[in-house]
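Colleague: The following block contains the structure, expressed as structure tokens.
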Amino acid sequence: MFLPELSVVSALATALTSVFSALLLLAVTKQLWALRWTITRDKECNLPLPKGSMGWPLVGETFHWLFQGSNFHISRRKKHGNVFKTHLLGKPLVRVTGAENIRKILLGEHNLVCTQWPQSTRIILGPNTLVNSIGDLHKKKRKILAKVFSRGALESYLPRLQDVVKSEIAKWCSEPGAVDVYAAAKSLTFRIAVKVLLGLQMEETRIVYLAQIFEQLMNNLFSLPFDAPMSGLRKGIKAREILHKCMEKIIEEKMQRQHTEEYYDAFDYMLSSAKETGYELSIQELKETAVELIFAAHSTTASASTSLVLQLLKHPAVVEKAQQELETEGLGYEAHRAHSCPGKEGDLKGPLETTQDAHGSPDTETTSLLNGKGNVHGASDEEKPTSRSHTPYLTMEKLSQLQYVSCVIKEVLRVLPPVSGGYRTVLKTFELDGYQIPKGWSVMYSIRDTHDTAPVFHNPERFDPDRFGSERDEGKTGRFNYVPFGGGVRRCVGKELALMILKTLAVELLSTCRWSLATESFPKMQTVPIVHPVNGLHVHFSYAHTDAV
């Protein structure tokens, strides 16, 4: 009669033993995993490894990182300090915060560390890009690209950039429902990259199609490096090839007339700069660089543009002060009314009404091979929403005079830097904060955490553009306390273009538009892979003055 009870007890004991054995095995395995990384420390260096956990075998702390997001790094920084170790995405990693720490990393490029991009990214963008070059080749390519973003080049881009901004804002204001600002900002920056930087003029349907292709490339840029049918890498490569084909004819035409002294777009400046340095750019190099330029100008600038709108929504006092500056500088609506004269409205038209190229002559659509038919015409005027902007053509000098608007942009980039940080591979063991950073490990410097914890910024949780004003100028103390564009030889080569886009967008919004949040609350911001609102930022836009033109 006791046999059933004995059987249950025996089964329970067996189950408990199995569970205990499994837990013991996991514990032992985890300890061995930690020991595995402890013994890989550089034995020629007496310094210890940074504090932190390597997580579980193989997966490390990857799942914690994916589920916790930015809280993962915040909690571990509070526990272990500004330099801590972890294991993410199959690699040992040291996470670094603080101006002096990231200074050593950013200035140690090619010596202590080298840039690290996923293999899929390197394959999709191509071997001839700036992100894939190192050493002397990187210096040479960066020198060539520097002319693309020189002050003279930016000045020539500005009128056409303003055309695109006005055109896109006209769409926002004509939309009867709410606009998803992040999606709209990506459309804006893609058009700037294609029309302004690369000089490609095409039908609206073609632009929309290419934007979708580029989105496909971006969605697969960080994928498993396996080239198989239906794989992310294969999709990314296919998107790249379509983009390359679209650019091939205009590049060939550019190379045939290199002797001209006219500069219209990035291709012109690249070819001229390469000629000056004695470096001959191939068509393949130009195609890969063109895609890289779109990549560099697209997502991060769209992220910053969205963050700009978000902060303007949150801080009406900042909006009012910025609008006062625009009035003072003759860019506000009241200044426009004061200077307008009856019967001379034509003199006051914005770029959409008197579109000109960088040399002041009427802009004509270029011949393209995009549809294989030659002449490509843009959408008709009836299909385009009418811009009611009164803002005149801007200049680089005028933008530089907008001190408070510049402070607003700087503060947006401090609070919500588009890229949270950067990854490097350690070339040789070095020291940070009393710890060794071993050769072969990955090191990630945090831009966002450094901005949040830098002692030079008073009340860092507060959105306060005046901190960058001439009276306080908190950003001038310690060069690496504020690094939204990185630093050293890998600092964002398109920094000045990004700032010009953000300032131009700010001027157009502040001087011509009204906006209101379409949802009950502000969205949460996701930080990986770039900062963007979860489920979008939905906003109603309208022109502040219907008689602006």
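Colleague: For the subset of region 465-477 comprising residues that are open to solvent by 20 Å² or more (accessible area, probe 1.4 Å) and among the basic types (K, R), which member is farthest from the chain's Cα centre (by Cα)?
Modeller: Going through the qualifying residues, I end up with R472.
Colleague: Does at least one position in region 193-209 carry a residue that is in contact with a His (Cβ under 7 Å, 6 or more places away or on another chain), charged (D, E, K, R) and either at pLDDT 90 or above or within 14 Å of L502 (Cα to Cα) (or both)?
Modeller: no
Colleague: Same structure, new question: Please state which of the following conditions S70 fails to meet, knowing it meets all the rest: (1) at pLDDT 80 or above; (2) closer than 30 Å to R448 by Cβ; (3) not aromatic (F, W, Y).
Modeller: Going through the list (1) at pLDDT 80 or above; (2) closer than 30 Å to R448 by Cβ; (3) not aromatic (F, W, Y), S70 breaks only (1).
Conditions (1) hydroxyl-bearing (S, T, Y); (2) touching a strand residue (DSSP E or B) at 6+ places or on another chain (Cβ under 7 Å); (3) part of a helix (DSSP H, G or I), marked per residue:
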position: K186; (1), (2), (3): no, no, yes
position: T189; (1), (2), (3): yes, no, yes
position: I192; (1), (2), (3): no, no, yes
position: V196; (1), (2), (3): no, no, yes
position: I207; (1), (2), (3): no, no, yes
position: Q212; (1), (2), (3): no, no, yes
position: D227; (1), (2), (3): no, no, no
position: L233; (1), (2), (3): no, no, yes
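Colleague: If I ask for residues that are of a type outside the set (A, V, I, L, M) and not in a loop (DSSP other than H, G, I, E, B), which ones from region 271-282 would you list?
Modeller: S272, S273, K275, E276, T277
Colleague: When you scan region 39-155 for helices (runs of 4 or more DSSP H) that lie fully inside it, which ones turn up with 1 or more residues that are open to solvent by 30 Å² or more (accessible area, probe 1.4 Å) and closer than 23 Å to Q436 by Cα?
Modeller: Answer list for region 39-155: 70-80, 99-106.
Colleague: Also, quick follow-up: Please determine whether any residue of region 20-34 is assigned to a strand (DSSP E or B), surrounded by 12 or more Cβ atoms within 10 Å (Cβ to Cβ) and modelled with pLDDT of 75 or more. Write out each step before concluding.
Modeller: First pass over region 20-34, keeping only residues assigned to a strand (DSSP E or B): none.
Scanning region 20-34 turns up no residue that is assigned to a strand (DSSP E or B), surrounded by 12 or more Cβ atoms within 10 Å (Cβ to Cβ) and modelled with pLDDT of 75 or more.
Colleague: Consider T527 carefully, then state whether it is in contact with a helix residue (DSSP H, G or I) (Cβ under 7 Å, 6 or more places away or on another chain), of a type in the set (S, T, N, Q) and modelled with pLDDT under 95. Before you say what the answer is, go through the steps one by one.
Modeller: On the way: in contact with a helix residue (DSSP H, G or I) (Cβ under 7 Å, 6 or more places away or on another chain): yes; of a type in the set (S, T, N, Q): yes; modelled with pLDDT under 95: yes.
Spelling it out, T527 is indeed in contact with a helix residue (DSSP H, G or I) (Cβ under 7 Å, 6 or more places away or on another chain), of a type in the set (S, T, N, Q) and modelled with pLDDT under 95.
Residue by residue, here is whether (1) closer than 17 Å to R191 by Cα; (2) part of a helix (DSSP H, G or I); (3) open to solvent by less than 40 Å² (accessible area, probe 1.4 Å) holds:
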residue: A239; (1), (2), (3): no, yes, yes
residue: E248; (1), (2), (3): no, yes, no
residue: E252; (1), (2), (3): no, yes, no
residue: M255; (1), (2), (3): no, yes, no
residue: Y263; (1), (2), (3): no, no, no
residue: Q284; (1), (2), (3): no, yes, no
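Colleague: Regarding region 82-105, can at least one residue be identified that is closer than 27 Å to I283 by Cβ and of a type outside the set (D, E, K, R)?
Modeller: No, region 82-105 contains no residue that is closer than 27 Å to I283 by Cβ and of a type outside the set (D, E, K, R).
Colleague: Tell me which residues, restricted to region 302-320, are open to solvent by 10 Å² or more (accessible area, probe 1.4 Å) and either at pLDDT below 95 or in contact with a Pro (Cβ under 8 Å, 6 or more places away or on another chain) (or both).
Modeller: Scanning region 302-320 gives a single hit, V318.
Colleague: While we're here: Considering every residue within region 42-60, establish whether at least one is closer than 19 Å to V426 by Cβ and at pLDDT below 80.
Modeller: Among the residues of region 42-60, not one is closer than 19 Å to V426 by Cβ and at pLDDT below 80, which makes the answer no.
Colleague: Six or more apart or on different chains, Cβ under 7 Å: which pairs go from a residue in region 70-98 that's farther than 17 Å from P48 by Cα to one that's hydrophobic (A, V, I, L, M, F, W, C) and modelled with pLDDT under 90? Could you list them?
Modeller: Partner pairs satisfying both residue conditions: F72/W65; L88/W65.
Colleague: Open to solvent by less than 30 Å² (accessible area, probe 1.4 Å) and either out of contact with any helix residue (DSSP H, G or I) (no Cβ under 6 Å at 6 or more places or on another chain) or among the hydroxyl-bearing types (S, T, Y) (or both): is that true of I447 in this structure?
Modeller: yes
Colleague: For region 478-501, which residues satisfy the criterion of being among the basic types (K, R) and surrounded by 16 or more Cβ atoms within 10 Å (Cβ to Cβ)? Talk me through it step by step, then tell me what you get.
Modeller: Taking region 478-501 first, the residues among the basic types (K, R) are 479, 490-491, 495.
Listed by number, the list holds a single entry, R490.
Colleague: Shifting gears a bit: Take the residues in region 502-515 that are touching a residue at least 40 places away in the same chain (Cβ under 8 Å) and out of contact with any helix residue (DSSP H, G or I) (no Cβ under 6 Å at 6 or more places or on another chain); name whichever of them is most open to solvent (accessible area, probe 1.4 Å).
Modeller: My answer is W515.
Colleague: Of the residues in region 164-220, how many are open to solvent by less than 20 Å² (accessible area, probe 1.4 Å) and acidic (D, E)?
Modeller: Matching residues across region 164-220 total 1.
Colleague: What are the residues in region 270-300 that are touching a helix residue (DSSP H, G or I) at 6+ places or on another chain (Cβ under 8 Å) and among the aliphatic types (A, V, I, L, M), if any?
Modeller: Passing the criteria: M270, L271, A274, L281, I283, L286, A290, V291, L293, I294, A297.
A quick yes/no check of all residues on (1) in contact (Cβ under 8 Å) with a residue 24 or more places away in the chain; (2) under 19 Å from S303 (Cα atoms); (3) not hydrophobic (A, V, I, L, M, F, W, C):
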{"position": "S167", "(1), (2), (3)": "yes, no, yes"}
{"position": "S174", "(1), (2), (3)": "yes, no, yes"}
{"position": "V181", "(1), (2), (3)": "yes, yes, no"}
{"position": "A184", "(1), (2), (3)": "no, yes, no"}
{"position": "S187", "(1), (2), (3)": "yes, yes, yes"}
{"position": "F190", "(1), (2), (3)": "yes, yes, no"}
{"position": "G199", "(1), (2), (3)": "yes, no, yes"}
{"position": "E203", "(1), (2), (3)": "yes, no, yes"}
{"position": "R206", "(1), (2), (3)": "yes, no, yes"}
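The values are calculated or read from the model by the stated rules, or taken from the named source; none is laboratory data. Just so we're clear, the structure is a prediction, and the values are computed from it rather than from any experiment. Heads up, the Cβs are rebuilt from the backbone with ideal geometry, glycines too, and the neighbour counts pull from every protein chain shown. SASA here: full protein model, heavy atoms, side chains in, ligands and nucleic acids out. Shrake-Rupley method; radii C 1.70, N 1.55, O 1.52, S 1.80 Å.
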